[in-house]
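Structure, as structure tokens:
The values are calculated or read from the model by the stated rules, or taken from the named source; none is laboratory data. Keep in mind it's a predicted model, so treat the numbers as computed, not measured. Note: ideal-geometry Cβ built from the backbone for every residue, glycine included; neighbour counts use all protein chains shown. When the accessible area is computed, the model is the full protein with side chains, heavy atoms only, and any ligands, DNA or RNA have been set aside. Shrake-Rupley method; radii C 1.70, N 1.55, O 1.52, S 1.80 Å.
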Amino acid sequence: MRFDDRVAVVSGGANGIGWATVERLLDEGGRVAILDREPEAAAAKVTERTERDATTSDRAAVFECDVMDAASVDRAVSGALDRFGRIDVLAAVAGGDHFVDDELDEDHWNEIVSLNLHGPVRLIRACRQALITSRGAIVMVGSVNGVAAYGEPAYGSAKAGLTLLAKNLAVDLGPAGVRINVVAPGTVRTRVWEGQGGPDRLAPLYPLGRVGEPADIASAIAFLASDDASWITGVTLPVDGGSLAGPLVVMDHLLGSQE
Ligand SMILES: NC(=O)c1ccc[n+]([C@@H]2O[C@H](COP(=O)([O-])OP(=O)(O)OC[C@H]3O[C@@H](n4cnc5c(N)ncnc54)[C@H](O)[C@@H]3O)[C@@H](O)[C@H]2O)c1
């Protein structure tokens, strides 16, 4: 129960990795403000969970939020503070990518950087004072795409930016007792893989022989957000089934599949 008496803000908490994080924090005693641009989906999951755990409805609250809009983020964070009175953890999970013909398209870059890099900045700015007051922790969700070239240059560059954002803010906020880290997932079984043959086709590329589940990422986020990681700040932790450790495994498989 590492999050007893603690309050977390989770962006992107309505689905996938974000919802798994919400569940993990609730399972460990926390109270959670779910910020998402799909508030109905989040509310439905909270209602469903309340049927299993009656305490959920008091400990989880949903706030509509678009992380690409600073005013929307400020409103949602204010709502979370009004409801719960403090913020101990910020999990900046909202993000994503989509296919475009021209990977260097101007509008695509503006959109992807705004969502994946500037979005976490907007959240941190809105939560900063509350996190300093609580000596809290920030965890941002990057990607293996932000560590090596897996394609998708706008997305990869934005996710890579989180690594230097974390390092800089680790130095700036460390003296105030605030920690900040990144988890960099490999392929995780969420809706983003729908219509792409399913994530399982990628399983053989992973040294551990499977793709990730949202709970695999949620447990790493919970670890970095908890006191178990109290001397860890400014790091990017791959949570990727060994993908980054074994690029030759990946290349071998790719070459083999072309034969
Ligand atoms: N699934 C993967 O394979 C994978 C791999 C590496 C990194 N990631 C990262 O993990 C995070 C979560 O991805 P997921 O796979 O769970 O996706 P998902 O689509 O299942 O969930 C993303 C959530 O973020 C919300 N969201 C998206 N844009 C938003 C915005 N502008 N404002 C507020 N909320 C917004 C969505 O409504 C959704 O609830 C993302 O940052 C993604 O880049 C995913």
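General observations
- Among 207-213, 6-12, 180-186, 34-40, sorting by the average number of other beta carbon atoms lying within 10 angstrom of each residue, highest first, gives 6-12, 180-186, 34-40, 207-213.
- 5 angstrom amide H check on ARG189, placed H, neighbours 5+ away: GLY212, GLU213
- The stretch 47-87 and the stretch 100-165 have Cα centres separated by 22 Å.
- When the chymotrypsin sites (Phe, Trp or Tyr not before Pro) in the stretch 75-121 are filtered for DSSP coil states and for at most 12 other beta-carbon atoms within 10 Å of their beta-carbon, the remaining sites are PHE99.
- Between helix 39-52 and the chain: long-axis angle, C-alpha atoms, 0 to 90°, nearest 10: 70 degrees
- Restriction of the GluC sites (Glu not before Pro) in the stretch 68-168 to DSSP coil positions whose beta-carbon has at most 16 other beta-carbons within 10 angstrom yields GLU103.
- Every Cα-Cα pair of the chain was included, and the share exceeding 31 Å stands at 22 percent.
- Using 0.36 nm per residue and subtracting the Cα-Cα separation, the extra length available between ILE232 and SER78 on full extension is 52.6 nm.
- When only Cα pairs below 8 angstrom with a gap of at least 6 residues are kept, the chain shows a relative contact order of 18 percent.
- Charge dipole (Cα centre; +1 on Lys/Arg Cβ, -1 on Asp/Glu Cβ; no other charges) of the stretch 107-259 amounts to roughly 560 debye.
- Angle between the chain longest axis and helix 16-27 axis [Cα atoms, degrees, rounded to 10]: 40 degrees
- Label zone of GLU194 (point 7 Å out along Cα→Cβ, amide N under 17 Å): in the stretch 67-101 this covers 95-99.
- Helix axis angle, 70-84 relative to the chain longest principal axis, alpha carbon, degrees: 50 degrees
- Rolling a 1.4 angstrom probe over the protein heavy atoms with all chains in place gives the chain an accessible area of 47 Å² per residue.
- In the chain, the portion of solvent-accessible area held by carbon and sulfur atoms comes to 54 percent [1.4 Å probe, whole percent, DNA, RNA and ligands not counted].
- Over the stretch 78-168, volume per residue of the alpha carbon convex hull, in Å³: 98 Å³
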